[in-house]
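Enquirer: Here it is, the structure, as structure tokens.
The values are calculated or read from the model by the stated rules, or taken from the named source; none is laboratory data. The shown structure was predicted, so the numbers you read here are calculated from the model rather than taken from an experiment. With ideal geometry, Cβ positions are generated from the backbone for all residues, glycine too; neighbour counts draw on all protein chains shown. SASA here: full protein model, heavy atoms, side chains in, ligands and nucleic acids out. Shrake-Rupley method; radii C 1.70, N 1.55, O 1.52, S 1.80 Å.
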Amino acid sequence: MQELFDWLVNYSWVVWLVLFLGFAAIETLTLDLFFAMLSAGALAAMLAAVLAAPLFLQVVLFCVVALLMIVVVRPIGLKHLKMGTKEHRSNIERLIGEAAVTLEPVGSRTGTVKLAGDTWTARSGNGSLLPAGEEVSVTRIEGATAVVEPLKPGRGRSVEPGSGDGLSGR
């Protein structure tokens, strides 16, 4: 037992390295910035071990750095991760409010539109029949169907079919 303890004291940097990598690996699964903060504490303790600090100091350094990271850095990091503006929206959220052009008549159940350069199935949000070639606005996405409404005059940009803006069939 004494030999194991001596090995841990002499090669504590290995233990801290394993903890550092383990916490980092767990963080990739949780994405909550908690294990990343523990990983930073383990890295600080590993550096102290490499500089031949006593084991007690390494443990204290791990605890202090990890606690400071959790209390100070993590809330700031989470705030920035959860921040989002219209420019940072992705996937389906980005399409809501965008202009599209009907490729064939769009009714309450069927139709197609050209949206962001792709052809989407569409339906009218208010149940009205929208003729082919009309400019519409996407109000929401339901599965693979864009729910659209006529674009009100002066509300958006004017899109002419074939203008090369990605909304035409080319």
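Enquirer: Answer yes or no as to whether V15 is assigned to a helix (DSSP H, G or I) and among the β-branched types (V, I, T).
Expert: Yes: the conditions hold for V15.
Enquirer: Can you tell me which of V60, V64, V9 is over 30 Å from R140 (Cα atoms), out of contact with any His (no Cβ under 7 Å at 6 or more places or on another chain), loosely packed, with under 14 Cβ neighbours inside 10 Å and modelled with pLDDT of 95 or more?
Expert: The conditions single out V64.
Enquirer: Return yes or no: is L78 out of contact with any Gly (no Cβ under 8 Å at 6 or more places or on another chain) and free of Cβ contacts under 8 Å to residues at least 12 places away in the same chain?
Expert: The answer is no for L78.
Enquirer: Could you list, in sequence order, all residues of region 39-54 that are open to solvent by 60 Å² or more (accessible area, probe 1.4 Å) and among the aliphatic types (A, V, I, L, M)?
Expert: L43, L47, V50, L51, A52
Here's the yes/no breakdown for (1) open to solvent by 80 Å² or more (accessible area, probe 1.4 Å); (2) among the basic types (K, R); (3) at pLDDT below 90; (4) farther than 30 Å from S39 by Cβ:
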| residue | (1), (2), (3), (4) |
| --- | --- |
| M69 | no, no, no, no |
| L95 | no, no, yes, yes |
| T121 | no, no, no, yes |
| S128 | no, no, yes, yes |
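Enquirer: While we're on this one: Given the conditions (1) modelled with pLDDT of 85 or more; (2) outside any helix (DSSP H, G or I); (3) within 29 Å of the chain's Cα centre (by Cα), report the number of the one that A24 does not fulfil.
Expert: Evaluating A24 over (1) modelled with pLDDT of 85 or more; (2) outside any helix (DSSP H, G or I); (3) within 29 Å of the chain's Cα centre (by Cα) leaves (2) as the failure.
Enquirer: On the given criteria, is V159 farther than 30 Å from M37 by Cα, open to solvent by less than 80 Å² (accessible area, probe 1.4 Å) and modelled with pLDDT under 85?
Expert: Answer is yes for this residue.
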